[in-house]
Structures are given as C-alpha cells and as structure tokens.
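Inspection log for the structure reproduced underneath, given as structure tokens.
The values are calculated or read from the model by the stated rules, or taken from the named source; none is laboratory data. Remember, predicted model here, so these are calculated numbers, not experimental data. Methodologically, a virtual Cβ is constructed for each residue, glycine included, from the backbone with ideal geometry; neighbour enumeration extends over all protein chains shown. With ligands, DNA and RNA removed, areas are computed over all heavy atoms of the protein, side chains included. Shrake-Rupley method; radii C 1.70, N 1.55, O 1.52, S 1.80 Å.
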Amino acid sequence: MKTLLIYTFKFSLNFIYFFLKLFKTDNKKVMFITRQSDTIPLDFELLINSLKKEDNSLHIKIICKRMNKGLVNYIKYYFHIVYQMYHIATSKVCVIDSYNVAICNLKHKKSLFVLQIWHSIGKIKKSGYQTLDKESGRTEKIAKSLNMHKNYSKIIAGGPSFNKYYIESFNTTEDKILNYGLPRIDYLINNEKTIRKKILNKYNEFYNKKIVLYVPTFRTYKIDIDDFIKNFDFDNCILIIKCHPNQKINIHDERVYTCDDFSSTDILTVSDYVITDYSSMCLEAAVLNKKLLFYVFDYDKYVDSNGLNLDPFIELSSCTYKDSKSILSIIKNDNYDDLSYQEFRKKYLPKKLGSSTKMITDLILKEVRKWNI
C-alpha cells in the first residue's frame with residue numbers, strides 16, 4: 001500500500017513537472033533548497049554572499065522549509081514541493097544540503113546542474129544506502145521507490161578519507177565527489193576571534209574559566225545525560241550543552257548553559273574541550289584544533305541501530321570512553337593525547353582548509369557561465 005502511494009505521488013509530480021519545464025530556464029538563476037530548517041543554513045548564507053560578491057547579476061532563490069510529521073503537514077508539503085518544482089524547472093544551478101524529493105524523483109532538463117553539499121563536513125555515521133533496513137534508516141524498497149540520492153551532478157565532501165563512505169551512502173561514483181569541505185570551515189577559521197569576543201562579552205562569567213562544550217548527536221531513541229551532569233566539575237569548569245535540533249534533551253540543572261543565542265558552531269570558538277559522540281561536530285572542533293573527546297555511553301546500541309564509518313575507539317581510542325568519569329578526569333587533569341589527535345586531524349580534515357567557499361563558488365559560476373557567454 002505504501003509503495004502504491006509513493007508511485008502515485010511521484011506520477012502526479014512528474015505530470016505537473018512536464019508542464020513546468022515548458023517555462024524558460026533562467027541561465028543566471030541559482031537556487032538553494034533545504035528541508036533542514038526554516039531559516040537559511042550557515043553554509044548557504046556564506047555561499048550566497050560569496051556568489052553575490054563575484055557576480056551581482058545572478059538571480060538567487062532560497063527555499064527553506066522543514067518537513068514536519070503529520071498528515072496535514074505532509075499535504076501542505078506536497079504543495080510546497082510543487083512550488084520548489086517551478087524554481088527547479090527555471091534554474092540553471094540547484095544547491096541542496098539533504099535528500100530532496102523533487103530533485104531525486106523528477107526528470108530534469110539536461111541543462112540543470114545539481115550540487116549536493118550535504119550538511120556535515122564528513123560521514124562520521126552511516127546514512128543513506130548504508131542504513132537500509134536498519135532501525136535508523138529506510139527499507140530498501142522505500143529507498144528505491146523514492147529514488148534516494150539520485151540526479152546529483154556533483155557532491156561536496158570533506159577529507160578524502162571519507163570518500164568510500166560518501167560513495168556507499170549516496171550509491172554514487174567517486175568522479176562525482178569533490179573534497180572541498182563546507183563554507184563553515186572558512187567561517188570558523190576567518191572569524192574565530194570575532195565570534196569568541198562576542199560570546200565572552202555576552203557571558204562575562206566565561207572569562208578565565210575552562211569551557212566544555214557537549215554536543216550529542218541525533219538518535220532515534222531517547223538518551224539520559226543526567227549521570228554526565230552529575231559528575232561534572234562545575235566549580236572549575238563551565239558546561240555548555242547544545243542538543244541536536246531534531247532531538248531535545250531535558251536538562252534540569254541550572255548550572256548548565258545552553259547559549260540559545262549562539263549556534264554550536266559559534267560556541268566552538270570559546271571552548272577548551274569539545275565532547276561529542278557520533279556527530280560531525282568533531283570535525284568542526286578539529287578545524288579549530290579544539291581538544292576533542294568522545295563520550296559514547298551507548299556505543300553498542302548505536303552501532304547496532306545505525307552504524308559508524310569513523311569508529312572513535314579505533315581512530316582516537318585514547319580520547320574515547322563509555323563512562324563520564326574517565327572523560328571528565330581528562331578534562332580535570334588536562335591529560336590529553338594531543339599526538340594522536342593531530343594524526344586524526346591530518347587524516348580526516350580537507351587538505352585545503354580555508355578555501356571551501358571559493359572553490360564551491362567557482363564551481364557554481366563555471367556552470368552558470370557555460371550558458372552566459
């Protein structure tokens with residue numbers, strides 16, 4: 001029944017799209033689509049600013065809308081997809097940062113260039129085709145019927161060590177992968193001092209304190225971090241917890257900061273230690289050379305339900321623990337294995353740090369100018 005609904009859904013979209021493709025392509029039009037949030041993602045914002053700086057004659061369209069669960073929301077989103085389809089049909093370049101129904105399921109004009117920049121610097125955890133029939137993934141039948149991750153012209157990836165996993169996740173070939181990294185890398189490198197100063201001015205109590213940022217990743221199941229908070233050394237350290245936007249965690253201790261007025265990426269600039277688990281935030285922390293620790297209390301369960309490409313017990317074992325006391329002991333005593341960490345950074349970060357925005361901008365402009373000579 002579900003498969004029949006999907007094929008009916010796809011047929012209706014393709015029927016509508018046939019007529020939308022009759023509209024003339026605007027060869028100066030570059031569109032950005034995300035379903036990750038209702039606001040413009042940082043990577044989009046940085047790319048758009050760069051494109052405008054290089055060529056202010058471009059026609060840039062931005063569509064940001066989360067797809068929320070529920071029948072009414074699904075119906076509303078259907079009409080939103082039709083709205084996307086008009087702009088896809090009339091664009092020269094389309095930039096996306098996640099799976100997009102219209103991009104993957106429709107037959108596009110040959111002139112359309114689709115750039116998938118994804119929403120993380122690397123493939124830390126398994127996703128896409130790697131998680132078929134797993135608890136956190138789609139069934140193989142549904143994935144194929146939804147043409148998951150089809151029709152991409154190029155895919156922006158992190159360091160080359162991740163290429164194998166991008167190929168598996170997107171069911172693609174290596175010739176489509178460009179190891180440019182994301183614009184947020186440049187943002188961190190170029191604005192670290194400015195952002196840090198802004199945060200410290202807002203939170204004066206952070207001065208002369210050891211700051212610990214804890215960034216747990218998204219899970220399909222609930223987690224309890226009370227034990228971690230209970231053992232934390234609040235007398236000597238500041239604890240900031242930034243939850244995944246798709247998973248809220250109840251925090252009952254008033255000593256814990258959430259800094260809602262700043263993003264996780266921004267908070268990295270003031271952090272001395274960054275604790276995560278299976279999140280690509282570990283790579284953003286590595287960009288700024290922040291001391292990185294992996295707190296993987298649910299390691300066995302997560303590996304079983306989702307799976308990992310980068311196993312912290314293998315790649316950075318001296319900084320990876322299942323219990324909070326061991327993690328917090330390293331912070332208290334500043335007993336950090338920096339040598340292993342530098343090897344980790346060298347292996348998994350893009351080779352040309354600080355040039356991601358320019359390389360992606362040049363790629364987009366090259367495609368636009370093919371049709372505007």
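In the set I330, I251, which member is of a type in the set (A, V, I, L, M, F, W, C), closer than 29 Å to Y203 by Cβ, open to solvent by 10 Å² or more (accessible area, probe 1.4 Å) and modelled with pLDDT under 95? Walk me through how you get there before you give the answer.
Working: I330 fails: modelled with pLDDT under 95.
So the residue among I330, I251 that is of a type in the set (A, V, I, L, M, F, W, C), closer than 29 Å to Y203 by Cβ, open to solvent by 10 Å² or more (accessible area, probe 1.4 Å) and modelled with pLDDT under 95 is I251.
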Read through the list (1) without any contact (Cβ under 8 Å) to a residue 40 or more places away in the chain; (2) under 23 Å from F15 (Cα atoms); (3) not acidic (D, E), then give the number of the only condition that R138 fails.
(2)
So, L106, is that one farther than 20 Å from E174 by Cα and either touching a Gly at 6+ places or on another chain (Cβ under 8 Å) or open to solvent by less than 20 Å² (accessible area, probe 1.4 Å) (or both) or not?
yes
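Could you please let me know if S111 is among the hydroxyl-bearing types (S, T, Y) and surrounded by fewer than 22 Cβ atoms within 10 Å (Cβ to Cβ)? It would help to see each step written out before you state the result.
Values: among the hydroxyl-bearing types (S, T, Y): yes; surrounded by fewer than 22 Cβ atoms within 10 Å (Cβ to Cβ): yes.
Spelling it out, S111 is indeed among the hydroxyl-bearing types (S, T, Y) and surrounded by fewer than 22 Cβ atoms within 10 Å (Cβ to Cβ).
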The conditions are (1) of a type in the set (A, V, I, L, M, F, W, C); (2) farther than 20 Å from K150 by Cα; (3) outside any helix (DSSP H, G or I); (4) open to solvent by less than 50 Å² (accessible area, probe 1.4 Å), and V95 fails exactly one of them. Which is it?
(2)
Which residue pairs have Cβ atoms closer than 6 Å, lie 6 or more positions apart in sequence or on different chains, and pair a first residue in the stretch 16-32 that is modelled with pLDDT of 95 or more with a second residue that is among the charged types (D, E, K, R) and in a strand (DSSP E or B)?
M31/K61
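Hey, among the residues in the stretch 115-153 that are polar (S, T, N, Q) and part of a loop (DSSP other than H, G, I, E, B), which one's surrounded by the fewest Cβ atoms within 10 Å (Cβ to Cβ)?
T139
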Could we say that K322 is touching a helix residue (DSSP H, G or I) at 6+ places or on another chain (Cβ under 7 Å), surrounded by fewer than 16 Cβ atoms within 10 Å (Cβ to Cβ) and farther than 30 Å from T139 by Cβ here?
yes
